[in-house]
Amino acid sequence: MVESIEIDFLPVGEGEHSGDAIAIRWREDGQFKVMIYDGGTQAYGAQLVKHVQEHFQTSYVDYVVNSHPDNDHAGGLLHVLTTLTVGELWMHRPWEYSDLIRDYFHDRRMTDESLAKRLKQKMSAAYALEQAALERGVTIREPFSGDQIGIFTVLSPGRYRYVHNLIPAFQKSPELKENQSTAAAALDAVKGVASYVAARWGFEYLPESVKTSAENESSVILFASIGKNGYLLTGDAGIESLRAAATFASERGIDLPTRVTFAQIPHHGGRHNVSTETLNMLVGNPLEARPEDPVRRAFVSAAALAPRHPKKAVTNAFVSRGFKVVKTKGKHIVHRSPGAPEREGWGPATYEPFYEEVEE
Ligand SMILES: [Zn+2]
């Protein structure tokens, strides 16, 4: 039986770039288990290690999970793996699949080795993590829907979709991502500041036309249920994977909209990862009236200096679905379930309001 859980979001962010570093501890039949879900960029590994040693008072991490191989999520995990003792490392190894997917690429001269090499170079932090685990004899497992990591069930990605849809799209995504963020930043620079439009409770504009990179869509989506509470971790997943996760869960008899009481807002609160319909499938429909005291929590990891994270429209979407929204923005934030060990010196969290104006 699981008695309690603590979920710590460490502040990650160099300049305007956000990342995720999340430390989780739960108590099961009197025993503590520790999971790290993403490690931020390389600079944040030391903070995670310190957190595990100081707050969890151990040097053993049962599960290290890398949601997806981008450096702002995989980077800090190398220090965790080389400094602490790790039970299992859960990460995707896309370079292992090149013989299966080579035919998808137009460049017929590409060999299995050259494709694998390109993926390893592009995902250098994740590849370094894999190599360190192999050197140390740490068990590496690839997370696909249906797998169990401690108390968490993997809801996405499915293995088939990962291999045949997502990996083939990895090649083109760096350009796609670069262009999006550069164009957005350039637009902000021209305008001086982002411009705003009025927002009203009950009127949500989060269209279905959004898209994020295939790497982000490959994020490992996890769900754990403890008594009446449900805990959802999303990494940088976008609408395709969030929907796939909701569908997979419902096939397993888990109705996420009524079960999720804690959610990680995907991709640092970006606008390209959620839509109204997706959120309805994942965490339920917006409420007609503002709740007096929301009981659900949504955490978002956003760099202190990131002007665009989290987007106010995304914050509003969670607030209007009955969540109290808490953002890192340079602060360490923690969710402690009833029965979790006491911690000295922690103040109450500040909750985001429903914004009357959102970015255009
Ligand atoms: Zn990210």
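If only one of LYS327, LYS312, LYS331 is within 16 Å of the ligand (Cβ to nearest atom), touching a residue at least 24 places away in the same chain (Cβ under 8 Å) and farther than 15 Å from LEU232 by Cβ, which one is it?
Numbers: LYS312 fails: within 16 Å of the ligand (Cβ to nearest atom); LYS331 fails: within 16 Å of the ligand (Cβ to nearest atom).
Going through LYS327, LYS312, LYS331 in turn, just one is within 16 Å of the ligand (Cβ to nearest atom), touching a residue at least 24 places away in the same chain (Cβ under 8 Å) and farther than 15 Å from LEU232 by Cβ: LYS327.
So if I check each of ILE22, ILE5, which one is at pLDDT 95 or above and within 23 Å of PRO157 (Cβ to Cβ)? Steps first, please.
Numbers: ILE5 fails: within 23 Å of PRO157 (Cβ to Cβ).
Testing whether each residue is at pLDDT 95 or above and within 23 Å of PRO157 (Cβ to Cβ) leaves just ILE22.
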Confirm whether ALA244 is crowded, with 24+ Cβ neighbours inside 10 Å and in contact (Cβ under 8 Å) with a residue 12 or more places away in the chain.
-> no
Going through the range 8-45 in order, the residues found to be farther than 15 Å from VAL65 by Cα and assigned to a strand (DSSP E or B) are GLU14, HIS17, TRP26, ARG27, GLU28, GLN31, PHE32
Can you name every residue in the range 85-112 that is farther than 15 Å from HIS164 by Cα and modelled with pLDDT of 75 or more?
-> THR85, VAL86, GLY87, GLU88, LEU89, TRP90, MET91
Enumeration of residues in the range 251-271 that are among the small types (Gly, Ala, Ser) and either in contact with a helix residue (DSSP H, G or I) (Cβ under 7 Å, 6 or more places away or on another chain) or within 16 Å of the ligand (Cβ to nearest atom) (or both) | ALA263, GLY269, GLY270
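Only one residue in ALA304, ALA340, ALA317, ALA349 is farther than 17 Å from GLY235 by Cα, in a loop (DSSP other than H, G, I, E, B), among the hydrophobic types (A, V, I, L, M, F, W, C) and under 18 Å from the mean Cα position of the chain (by Cα), so which one is that? Steps first, please.
Values: ALA340 fails: under 18 Å from the mean Cα position of the chain (by Cα); ALA317 fails: in a loop (DSSP other than H, G, I, E, B); ALA349 fails: under 18 Å from the mean Cα position of the chain (by Cα).
The unique qualifying residue is ALA304.
Any idea which residue in the range 36-56 is nearest to the ligand (Cβ to nearest atom), counting only those that are buried (at least 24 other Cβ atoms within 10 Å of the Cβ) and without any contact (Cβ under 8 Å) to a residue 60 or more places away in the chain? Lay out the reasoning, then the answer.
Keep residues of the range 36-56 that are buried (at least 24 other Cβ atoms within 10 Å of the Cβ), which gives 36-40, 44, 48.
Checking which are without any contact (Cβ under 8 Å) to a residue 60 or more places away in the chain leaves us with 36, 39-40, 44, 48.
Working: ILE36: 15, GLY39: 12, GLY40: 9, TYR44: 12, LEU48: 16 Å.
The selected residue is GLY40.
So which residues in the range 55-73 are within 24 Å of TYR162 (Cα to Cα) and out of contact with any strand residue (DSSP E or B) (no Cβ under 7 Å at 6 or more places or on another chain), if there are any at all? Please lay out each step first, then the result.
First, pick out the residues of the range 55-73 that are within 24 Å of TYR162 (Cα to Cα): 63-73.
Hits for the range 55-73 are HIS68, PRO69, ASP70, ASN71.
Quick one: which residue in PRO266, PRO338, PRO294 is in contact with a Ser or Thr (Cβ under 9 Å, 6 or more places away or on another chain), farther than 28 Å from GLU14 by Cα and of a type outside the set (Phe, Trp, Tyr)?
Values: PRO266 fails: farther than 28 Å from GLU14 by Cα; PRO294 fails: in contact with a Ser or Thr (Cβ under 9 Å, 6 or more places away or on another chain).
Matching residue, one of PRO266, PRO338, PRO294: PRO338.
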Among residues of the range 15-35, those that are within 16 Å of the ligand (Cβ to nearest atom) and over 19 Å from HIS51 (Cα atoms), counted = 4
In the range 5-35, residues that are closer than 16 Å to TRP346 by Cβ and surrounded by fewer than 17 Cβ atoms within 10 Å (Cβ to Cβ) total 0
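The values are calculated or read from the model by the stated rules, or taken from the named source; none is laboratory data. In this text the structure is predicted, and so the values were computed from the model without any measurement. Virtual Cβ from ideal backbone geometry, glycine too; neighbours counted across all protein chains shown.
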